[in-house]
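Below is one structure, written out as structure tokens, with a few remarks after it.
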Amino acid sequence: MNHLIDYFIIVAYLIGVAIFGIVKGGKQKTSKDYFQSSDSVQWWAVCFSIVAAETSTLTFISIPGLAYLTNLNFLQVTFGYLLGRIVIAFMFLPSYFKGDLSTAYQFLENRFGSKTRSFASIVFIFTRLAADGVRLFATAIPLKLMLDISYPVAIIIIAIVALTYTYIGGVKGVIWVDVIQMGIYLGGAIIALGFLIFKLLPNGFESIIFASQTDGKLEIFNWGFSNGFSGFFSQPYTLFAGVLGGAFLSMASHGTDQLIVQRLLTTKSLKSAKKAIIGSGILVIFQFALFLIVGLGLYAFYGTNNLADIGIGKSDEIFPMFIIKELPVGISGIIIAGLFAAALSTLAGSISALASSTMLDLYKPFTGINNEIKELRISRYFTIMWAGLLIGSAFFFMSSSQTVVELALSIASFTYGGLLGTFLLGLINKKASQEDALAGFTAGIFVMVTVISLKIVAWTWFTLIGVFVTVIIGSLLSKLSKSK
């Protein structure tokens with residue numbers, strides 16, 4: 001893309017969101033202001049921020065690519081996402097708002113002890129570092145294509161912008177930037193779909209329906225029984241795998257992951273937090289449906305499942321290529337800005353969550369620091385550190401051939417089972433001790449190492465298996481210790 005107007009739009013956007021985040025974030029006097037916001041944030045803003053944080057570039061570029069290659073089966077997962085959030089609202093959030101929690105993992109300390117909190121925080125940190133390294137790399141794909149630069153340079157540019165307003169504005173700045181960015185990236189997707197329907201396809205939406213029906217791409221529900229017992233568990237997007245896997249993944253990612261829990265705690269009330277989490281589940285279904293339909297539109301436009309025929313190597317590249325090559329000057333700049341909006345929302349939130357967990361779950365308890373000014377300064381140092389480590393993680397995943405959305409979700413599922421299982425153990429088994437919880441948590445992770453390495457089941461089953469192992473092991477050990 002060699003049009004100055006597109007470059008101007010994108011540069012103006014990147015500078016604008018950084019300034020907006022700094023202004024909305026205000027001044028922070030303590031690390032609590034920095035990571036939790038001293039003022040209550042409106043529930044609808046937190047709701048939009050949650051959707052923006054979980055969406056990232058993966059939804060923007062990988063979900064259309066997935067629909068282009070397959071069908072609408074992925075939508076089943078989103079039904080599970082909503083179910084999981086309803087469970088969070090009524091099972092997890094009441095416990096979180098009983099005390100003055102600073103992170104999700106403080107609940108584990110209150111229930112089990114400090115070792116469990118530290119272990120959970122460390123697991124979260126490594127999981128978030130890997131998963132969001134993938135997301136950061138995904139964001140670099142269109143920037144590389146647009147500017148004809150290397151992936152490392154593209155990754156560094158994006159990370160610096162996110163770091164700027166996260167470092168200065170704190171979590172409040174991150175949330176309010178997310179609200180703006182959700183509107184921008186959804187608007188970009190709608191504009192792209194509009195051009196497909198009204199400008200590029202000969203019969204508009206009918207062309208999408210005809211091409212999709214002809215090749216079976218309108219299928220939403222897949223029972224998964226056609227390939228026998230082994231096929232049932234090896235297919236990621238069956239009804240049971242999608243709904244159950246999506247529900248447990250959502251319970252883990254939105255109920256135990258500091259990236260989301262940090263936002264929920266800024267609402268300052270249980271009622272507002274419930275509205276925010278359930279509302280985000282409803283919005284996500286519509287959002288995923290939009291991006292899947294964009295993928296069907298791209299299929300109707302290009303008319304082939306063979307990526308080599310249209311000059312790309314990964315399905316993740318098809319939507320960015322379409323934006324850059326097919327859309328008019330100015331419009332492509334707006335949509336690329338929308339793509340960066342999706343990316344920055346997750347990246348900034350991840351940097352803030354990683355810094356808060358490091359500071360509040362690990363550094364502060366370990367050192368016993370009790371100086372508000374010094375705490376805030378060290379918190380900002382951690383913010384810079386994690387931005388740098390996320391850049392390194394993105395470099396590591398540049399050579400992966402797997403679809404980035406599936407890669408990121410697989411990484412998250414790898415440890416989410418043990419994490420969610422430990423939270424559930426604390427909620428449903430009042431007799432389980434810290435040793436029981438740590439043993440169950442560790443067992444859940446080791447079982448997942450085996451399951452993933454042997455490729456026994458699809459990624460949608462990972463979290464459910466990890467939860468089951470963690471709760472069973474922890475509960476059995478609790479009974480054995482009580483019987484002695």
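Rule-based calculations on the coordinates, nothing more; no lab input. These numbers were taken from a predicted model, which means no experiment stands behind them. Cβ placement follows ideal geometry from the backbone for every residue including glycine, while neighbour counts extend to all protein chains displayed.
Packing, taken as the mean count of other beta carbons within 10 Å per residue, orders the peptides 361-371, 110-120 from highest to lowest as 110-120, 361-371. Projecting label points 7 angstrom from Cα along Cα→Cβ for residue 314 and residue 468 puts them 3.2 nm apart. Computed from the Cβ-Cβ distance with R0 of 41 Å, the FRET efficiency linking residue 374 to residue 90 stands at 0.55. Spacing of the modelled spin labels on residue 149 and residue 40, each 7 Å from Cα toward Cβ, amounts to 4.3 nm.
For 148, 33, 132, the sequence from fewest to most other C-beta atoms within 10 Å is 148, 33, 132.
In order along the stretch 422-439, the Karplus-derived 3J(HN,Hα) couplings, from 6.51 cos²θ - 1.76 cosθ + 1.60 at θ = phi - 60°, round to 5, 4, 5, 4, x, 7, 9, 10, 6, 9, 5, 9, 4, 5, 5, 5, 5, 5 Hz, and Gly and Pro are given as x. The gain in end-to-end length when the residue 19 to residue 213 segment is fully stretched comes to 65.2 nm, 0.36 nm per residue minus the alpha carbon separation.
For a straight C-alpha distance cut-off of 23 angstrom, the lysines reachable from residue 314 (same-chain residues fewer than eight places away being disregarded) are 144, 217, 325, 455. Among 243, 153, 294, 174, sorting on how many other beta-carbon atoms sit within 10 Å of each Cβ, with the fewest leading, yields 153, 243, 294, 174. For the chain, relative contact order (Cα pairs under 8 Å, six or more residues apart, normalised by length) works out to 32 percent. In this calculation the C-beta distance from residue 480 to residue 389 is compared with R0 = 45 Å, giving a FRET efficiency of 0.65. If you sort the three axes of the alpha carbon gyration tensor as a ≥ b ≥ c, you get a/c of 1.5 or more for the stretch 303-355 and a/b no higher than b/c, which makes it oblate. The distance linking the stretch 20-52 with the stretch 314-342 is 29 Å (Cα centroid to Cα centroid, whole angstrom). Would you mind checking the stretch 34-49 for residues with the amide N under 16 Å from a putative spin-label position 7 Å along Cα→C-beta of residue 268? Of the residues in the stretch 34-49, 34-46 have backbone N under 16 Å from the label point off residue 268. Remark: for residue pairs 32/172; 271/364; 29/98; 275/364, the C-alpha separation exceeds 21 Å in 271/364; 29/98; 275/364.
If you take the square roots of the eigenvalues of the alpha-carbon gyration tensor of the stretch 104-220 and sort them as a ≥ b ≥ c, do you get rounded (a/c under 1.5), prolate (a/b over b/c) or oblate?
prolate
Once both labels are positioned 7 Å from their Cα atoms along Cα-to-Cβ, the gap between residue 126 and residue 325 label points is 4.2 nm. Would you work out which of 44, 8, 214 lies farthest towards the positive end of the dipole of the chain? Charges go on Cβ: Lys and Arg +1, Asp and Glu -1. Value: 44.
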